[in-house]
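Structure first, then comments.
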Amino acid sequence: MTKKEYLELYQKGDLYELGQEAHKIKEKLHGKKYYYTINKHINYTNICSINCKFCAYKKRPDEAGAYVLDVEEVVKKIEREVGLREVHIVGGVNPVLPYEYYIKLIKRVKEANPSLRIKAFTCVEIDHLSRISGKQVEEVLLELKEAGLSSLPGGGAEVFSERVRKELYPAKISHRRWLEIAKTAHKLEIKTNATLLFGHIETDEEIIDHLLELRQAQEETGGFEAFVPLPFIPNNTPLAHLRPPSAQKILRTIAISRIILDNIPHIKAYWVFLGMGLAQTALLWGADHIHGTVIEERISEAMKGETTTGLSVEEIQHQVKEVGGEPVLL
């Protein structure tokens, strides 16, 4: 299909038929299987030098509530969890933390939990590490991989639009730099996720452009293992005057993502942002991965102004079985 045809399908296609088409692609790839993992999110710092207008999480170093977790504190947080399979580590672009902190963090987590998958540091954070260390991105990634890094999360992609970047997050790396870093990771056999933050000031055309660029990058490297569409939560941000995207918009976006990105294995219904009810519905609109137990996640908590309570394995399995699926633990 052409970009114009995808855009027309996204905007004008019958919502139910769009979901059916996306679900067919999901079943062709995964059958009745739906995936999840037992994971914990660690947000090691909320101090950030990038002033993104959509963020409620960031703090200045001298601001009340600003924090940095000690490496051993992170290790203890992880060791408290039973049966953990994956840890997801991201934070702000902290202008004070030295490069050595990040290497030590990954090394200590791996030493304490040798079988744990460590998904850490967005492409934005990797760019920051390259700058503060004076090392090329490839060298930074190799050092992190040697320390125990398994893969990169997909955050920081936002929406691939220079117009939106200039308006909402001008200090953040461009999408070209984000893709460059992701592709470099793929060449080093480090898998990554990719995201889309939608429902703010982006246009439908920019969403389609974003998806098509990811599709092209995946054709080149095959290194994206999951795509995560994230609906914007305006609460407690400088964009609080905006309405959040509707359930229909969210389901349309998940469905068109599955249709366009049929070369990326997994589409996640990230229940932390969607809410469990809509996340379950998304499993019938093309999503095949419900993410995981999460346990703790401070970034969305700052936006929503409420505590994110982790899901139990039993609850995840129940939600999957209710839509006629087979829950599969990764």
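The values are calculated or read from the model by the stated rules, or taken from the named source; none is laboratory data. As the structure is a prediction and not an experimental result, all values here were calculated from the model. Virtual Cβ from ideal backbone geometry, glycine too; neighbours counted across all protein chains shown.
A few points about this structure:
- Residue in region 67-85 that is closer than 24 Å to Arg131 by Cα, modelled with pLDDT under 95 and out of contact with any helix residue (DSSP H, G or I) (no Cβ under 6 Å at 6 or more places or on another chain) present: no
- Note on region 47-57: residues that are closer than 12 Å to Pro238 by Cα and surrounded by 17 or more Cβ atoms within 10 Å (Cβ to Cβ) total 5.
- If the condition is being among the acidic types (Asp, Glu) and within 14 Å of Ile267 (Cα to Cα), then region 200-254 contributes only Glu225.
- Residue within region 92-110 that is touching a helix residue (DSSP H, G or I) at 6+ places or on another chain (Cβ under 6 Å) and surrounded by fewer than 16 Cβ atoms within 10 Å (Cβ to Cβ) present: yes
- Leading residue by the ranking (modelled with the highest pLDDT) among those in region 296-316 that are closer than 22 Å to Val328 by Cβ and buried (at least 21 other Cβ atoms within 10 Å of the Cβ): Ile316
- The residues on offer are Thr221, Thr253, Thr237, and the sole one that is surrounded by 18 or more Cβ atoms within 10 Å (Cβ to Cβ), modelled with pLDDT of 95 or more and hydroxyl-bearing (Ser, Thr, Tyr) is Thr253.
- Verdict on Ile233 being under 16 Å from the mean Cα position of the chain (by Cα) and in contact (Cβ under 8 Å) with a residue 24 or more places away in the chain: yes
- When Ala247, Ala157 are checked against the criterion of being of a type in the set (A, V, I, L, M) and surrounded by fewer than 18 Cβ atoms within 10 Å (Cβ to Cβ), a single residue qualifies: Ala247.
- Residues located in region 1-16, provided they are loosely packed, with under 10 Cβ neighbours inside 10 Å and in a loop (DSSP other than H, G, I, E, B): Thr2
- All positions within region 16-74 that are polar (S, T, N, Q) and either farther than 30 Å from Ile106 by Cα or in contact with an Asp or Glu (Cβ under 7 Å, 6 or more places away or on another chain) (or both): Gln20, Thr37, Asn39
- Among (1) under 24 Å from the mean Cα position of the chain (by Cα); (2) over 30 Å from Val313 (Cβ atoms) - the single one Pro61 does not satisfy: (1)
- Subset of region 149-171 (residues that are part of a loop (DSSP other than H, G, I, E, B), among the aliphatic types (A, V, I, L, M) and either more than 18 Å from the chain's Cα centre (by Cα) or at pLDDT below 95 (or both)): Ala171
- Within region 40-63, residues that are free of Cβ contacts under 8 Å to residues at least 40 places away in the same chain and over 18 Å from Tyr102 (Cβ atoms) have Cβ atoms under 6 Å from residues that are of a type in the set (A, V, I, L, M) and outside any loop (DSSP other than H, G, I, E, B) in these pairs: Lys59/Ile47, counting only partners at least 6 apart in sequence or on another chain.
- Residue among Arg243, Arg215 that is among the basic types (Lys, Arg), more than 26 Å from Asn39 (Cβ to Cβ) and in a loop (DSSP other than H, G, I, E, B): Arg243
- Residues located in region 172-190, provided they are outside any helix (DSSP H, G or I) and either crowded, with 18+ Cβ neighbours inside 10 Å or aromatic (Phe, Trp, Tyr) (or both): Lys172, Ile173, Ile190
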